[in-house]
Structures are given as structure tokens and as C-alpha cells.
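For reference, the structure discussed in these notes is given below.
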Amino acid sequence: MAFSIKTFAVAAALGALAAPAFAQNTATPWELKPDTGYAYDKEGKTFSYKMGTSNAGELLKGAKKVPKGTLFFIGQNGQLYMRSGQYLEGDGRFKFGPDQ
């Protein structure tokens, strides 16, 4: 089963969003682990897989880098989305944060 880097990033985003709740306006870095693949399957479930290096070339075939400045989020319909573009205000606050 081959996984693309985009699938890896999307699944990682979902995993980060499913993490325990934290302060509303506090950004926390993702903790992606080396040699681990993250998947978001057709039913919307997430999985992590221990990876090896013997077929790394195959894994990278057709894979795409996720552009810097990409935001991943779950919509009200439960669907995972990604958005490239500005997501921080000029003062560094999250543009789409809770209403004050």
C-alpha cells in the first residue's frame, strides 16, 4: 500500500485536531514521528503505521510536498479540508479563532 506525502500530512493534521483540547488561542507544534506514516482513510478514520526504508522510493513516487502556509481543519460536515493562504492576523493571532 503506497501513501503520498499529501496523505501523510492530511492524516497528521487530523491527528493533531483530534488531540486533547488545549487553550483556545495557543498554537502548539505537531509532533510527527520519524519512520511513521499517517493515513486518513475513505471512511474518515485516521491511522498511524510504522514505516521501513526498503521501499522508500516507491513511497515517494507521486508524492507531493505540502506547501508551507497550509492550514488543515475539519469542517462542520466532518470533512477534512486544507487551505493555503493567510491564516494569521498581522499581530499573529489566528484569523479564524473564536469570536471575542
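The values are calculated or read from the model by the stated rules, or taken from the named source; none is laboratory data. Please read all numbers here as calculations on a predicted model, not as lab measurements. Counting neighbours? That spans all protein chains shown, and the Cβs are built from the backbone with ideal geometry, glycine included.
Tabulated results
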read-out: Answer residue from segment 52-100, given it is among the polar types (S, T, N, Q) and over 18 Å from the mean Cα position of the chain (by Cα) and is nearest to THR26 (Cα to Cα) among those; value: GLN100
read-out: Selected residue [farther than 29 Å from LYS95 by Cα and either at pLDDT 85 or above or touching a strand residue (DSSP E or B) at 6+ places or on another chain (Cβ under 6 Å) (or both)] from PHE47, PHE72; value: PHE47
read-out: Count - residues of segment 42-64 that are out of contact with any Phe, Trp or Tyr (no Cβ under 6 Å at 6 or more places or on another chain), touching a residue at least 12 places away in the same chain (Cβ under 8 Å) and closer than 19 Å to TYR81 by Cβ; value: 2
read-out: Residues located in segment 24-72, provided they are aliphatic (A, V, I, L, M) and either within 26 Å of PRO98 (Cα to Cα) or in a loop (DSSP other than H, G, I, E, B) (or both); value: ALA27, LEU32, MET51, ALA63, VAL66, LEU71
read-out: Scope segment 34-51; condition of a type in the set (S, T, N, Q), farther than 14 Å from ILE74 by Cα and either buried (at least 17 other Cβ atoms within 10 Å of the Cβ) or under 13 Å from the mean Cα position of the chain (by Cα) (or both); matching residues; value: SER48
read-out: Candidate set from segment 75-100 (those that are part of a loop (DSSP other than H, G, I, E, B) and touching a Leu at 6+ places or on another chain (Cβ under 9 Å)); member that is modelled with the lowest pLDDT; value: GLY85
